[in-house]
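S.K.: Would you mind keeping the following structure in view while I ask a few things?
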Amino acid sequence: MSAYTPESTALSTPATGAVGATAAHTPLPIPSGVLAELRATDDSGRALRPFTVREDGVPLRCVGSPLRCCLRGAVAGERIALVSYAPLRRWAAAHGAEPGAYDEAGPVFIHAGACPGPEDVAGYPFARAGALRTLRRYDARGRIAGGRLFEIPEDATAGFDRALADAFAEPEVALVHVRAVEYGCFQFEVRRP
């Protein structure tokens, strides 16, 4: 199986919902080329420090933690790593944007080795009802163009669809980063269809 690359997927292709619902926007994982870079040296200049996910939480309590390479939770026995990732950096470079201080880095879990990417994204990943997310909007210059606190409803797909439709209703919004409120961690990216 070849590695998943969001660049090879039409951004307007909808994701399938868990109960037949179709997500109106495509959640994007970290691109495979970027993952290769992060596995060599992360965005804070550190070498990869892989470990095996264990039920007992040694060295980190991370069973179920979101893997940004394949948009699913970590499973005991997998080799993963916690790396520093600047999600806006490469998009900005590819689009001639200069995000300045908005080029922030934060921790994300990824597989320590090659990953096939999302197998079957059903709706939006990491969408536990009641969880809080921030939907941070960016314009074409890579600057923050607004944001929204979002509590994931029971019908997560419909809730995310509405929140993202609101974000993209603003013509200057080029992409949205979905982040966890608890730690501020990047969850996934959605680009303007």
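S.K.: Quantify, in whole percent, the carbon and sulfur part of the accessible surface of the chain (1.4 Å probe; protein heavy atoms only).
M.R.: Of the solvent-accessible surface of the chain, carbon and sulfur hold 52 percent.
S.K.: Can you tell me how region 31-163 classifies by the Cα gyration tensor, rounded, prolate or oblate, using a/c under 1.5 as the rounded cut?
M.R.: It comes out oblate by the Cα gyration axes.
S.K.: If you count only protein heavy atoms with a 1.4 Å probe, what accessible area per residue comes out for the chain, rounded to a whole Å²?
M.R.: Result: 49 Å² per residue.
The values are calculated or read from the model by the stated rules, or taken from the named source; none is laboratory data. If you're wondering where the values come from, they're calculated on a predicted model, not measured in any experiment. SASA here: full protein model, heavy atoms, side chains in, ligands and nucleic acids out. Shrake-Rupley method; radii C 1.70, N 1.55, O 1.52, S 1.80 Å.
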